[in-house]
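Right, one structure below, let's go through it.
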Amino acid sequence: MFLSVFDLFKIGIGPSSSHTVGPMVAMGRFLDGMSEATLARVGRVRVTLYGSLAYTGKGHGTDRAIVLGLLGEKPDTIDPAAVATLVHGVIEGGRVRLGGGREIPFDFSADVLFEFGEPLPGHTNGIRAEALDDGGNTVTEGVYYSVGGGFVASAEEIGATAESPKYPDVPFGFADAEEMLAMGKAGGKTIAEMKFANEVTLRSEEEVRAGLDRIWAAMRDCMDRGMHTDGILPGGLKVKRRAKSIADALMADKQRNVRYEHAVMDWISLYAIAVNEENAGGGRIVTAPTNGAAGIVPAVIRYYLDFCPGATTRLVHDFLLTAAAIGGIIKSNASISGAEVGCQGEVGSASAMAAAGLCAVLGGTNAQIENAAEIAIEHHLGMTCDPIGGLVQVPCIERNAMGAVKAVNAASLALRGDGTHFVPLDSAIETMRQTGVDMLSKYKETSQGGLAVNVTEC
């Protein structure tokens, strides 16, 4: 299917696109699928979470996201400051207004269930929603999968994916990087130009430009909030926010005219950490392509604007369009879900997207852009997803800092070459997919292996 830039970059809330945003969207789809007559018969709703959603759902706030979705709240419009009050009201009151309308009894501990047995067959992030009448009989039910980056698919859609065309009805329907390069060469177009031409089949040019401005503004605002907020992140690990203190220290160095050449890496890390601390705190976030990896693309854009000679905000659109083109190829041919392929699919994909975007705005050719993305993703292969306590904090926040620095490094290396290289991006993406298939489930966002186990055992 065609993946718009606005599919990959979605405004939502933290701490997780697959475990928070996705379940909210799934509950919205569940309610939207009911007629008024069906809704009038509902006396109870029961939701069961499977796979990674069960194992790390409490740490990621999945059960609370289910409540928000049943209330009719949307990830892109909900006020993050209102989340605690809304959820607390349902838990304490024992009742929920479905879609903000019909009110029914709701027992938070009994009506949101965590199933630690076999996952549902379509994807490890499975959700079964059941609407029951007052006698306990099923009125309707639905199965949904949160497949990463806030994307949600029903059981029917998961089964039909293999039969569906990937890029219908767009002028540059590339399904992989090889096709992308061939189309760009044949048409004399940059990757950003091809992606923009695809986007304007869905929206006017003005709408696309305004949408890209909104995405960048949300990213920038998130960074700024993170750099001005301190305190302890929620969840019980008592992780202290660091972005503000890092920002203060870097500004103090500037005022004292103290400069180390490697300080630019500290700035890049700061930008990424600021975003992911906001994410961990449940703040307003942009999937890029996921919440867990949301700091990398914004950090590299800000690095470009703050540190690269001749940088202009006009090219931020090209950065986002190029990054989205690469992200769409990765999602279509592998995965951006940590629960499916490990953190290589989240941080690795985000780093590849950011590397491609930076290479583009620094004047790279299409071949150099593809090379930059390949370098970045290749050097994240095998990365596990092992969040301590099921929280998107350790090692996730620092991994964004490292992924952002790697993206800059990858773009720089690609720009020093002519675009020819040994490993094609498509081969690196396929390797990531195969590695994810072979990876043990305990290393795929279940908090049953890696740092999630060894740190708590020490």
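The values are calculated or read from the model by the stated rules, or taken from the named source; none is laboratory data. Quick caveat: nothing in here was measured; it's all calculated off a predicted structure. Because the Cβ atoms are built from the backbone with ideal geometry, glycine has one as well, and the counts that use them run over all protein chains shown. For the accessible areas, the whole protein counts, side chains as well, though only heavy atoms, and no ligand, DNA or RNA atoms are used. Shrake-Rupley method; radii C 1.70, N 1.55, O 1.52, S 1.80 Å.
A few points about this structure:
- Filtered by the rule that a residue be of a type in the set (Val, Ile, Thr) and either modelled with pLDDT under 95 or surrounded by 23 or more Cβ atoms within 10 Å (Cβ to Cβ) (or both), the stretch 380-439 gives Val392, Ile397, Val408, Ile429.
- Qualifying residue in the stretch 115-122 (condition: within 25 Å of Gly328 (Cβ to Cβ) and modelled with pLDDT under 95): yes
- Condition met for Ala182 (closer than 21 Å to Ala355 by Cα, under 20 Å from the mean Cα position of the chain (by Cα) and either exposed (fewer than 14 other Cβ atoms within 10 Å of the Cβ) or aromatic (Phe, Trp, Tyr) (or both)): no
- Any chance Asn454 is open to solvent by less than 40 Å² (accessible area, probe 1.4 Å), in a helix (DSSP H, G or I) and of a type outside the set (A, V, I, L, M, F, W, C): no
- Applying the condition of being outside any helix (DSSP H, G or I), open to solvent by 10 Å² or more (accessible area, probe 1.4 Å) and in contact (Cβ under 8 Å) with a residue 60 or more places away in the chain to the stretch 25-42 and asking which residue is farthest from Gly94 (Cα to Cα) yields Gly33.
Residue by residue, here is whether (1) of a type outside the set (Asp, Glu); (2) at negative phi; (3) touching a residue at least 40 places away in the same chain (Cβ under 8 Å); (4) surrounded by fewer than 15 Cβ atoms within 10 Å (Cβ to Cβ) holds:
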residue: Gly211; (1), (2), (3), (4): yes, yes, yes, no
residue: Ala217; (1), (2), (3), (4): yes, yes, no, yes
residue: Gly231; (1), (2), (3), (4): yes, no, no, yes
residue: Gln255; (1), (2), (3), (4): yes, yes, no, yes
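- Unmet requirement for Lys331, which otherwise passes all of (1) farther than 26 Å from Ala249 by Cα; (2) of a type in the set (D, E, K, R); (3) open to solvent by less than 10 Å² (accessible area, probe 1.4 Å): (3)
- Restricting Arg225, Arg242 to residues that are within 27 Å of Thr322 (Cα to Cα) and under 24 Å from the mean Cα position of the chain (by Cα) narrows the list to Arg225.
- Selection from the stretch 202-220 of residues that are closer than 11 Å to Val316 by Cβ and of a type outside the set (A, V, I, L, M, F, W, C): Arg209, Asp213, Arg220
- Any hit, the stretch 103-123, residues being closer than 19 Å to Asn291 by Cβ and either touching a strand residue (DSSP E or B) at 6+ places or on another chain (Cβ under 8 Å) or buried (at least 20 other Cβ atoms within 10 Å of the Cβ) (or both): yes
- Ala311 being without any contact (Cβ under 8 Å) to a residue 40 or more places away in the chain, farther than 14 Å from Val347 by Cα and surrounded by fewer than 24 Cβ atoms within 10 Å (Cβ to Cβ): no
- Test: residue in the stretch 152-174 that is more than 21 Å from the chain's Cα centre (by Cα), surrounded by 14 or more Cβ atoms within 10 Å (Cβ to Cβ) and within 30 Å of Met402 (Cβ to Cβ): yes
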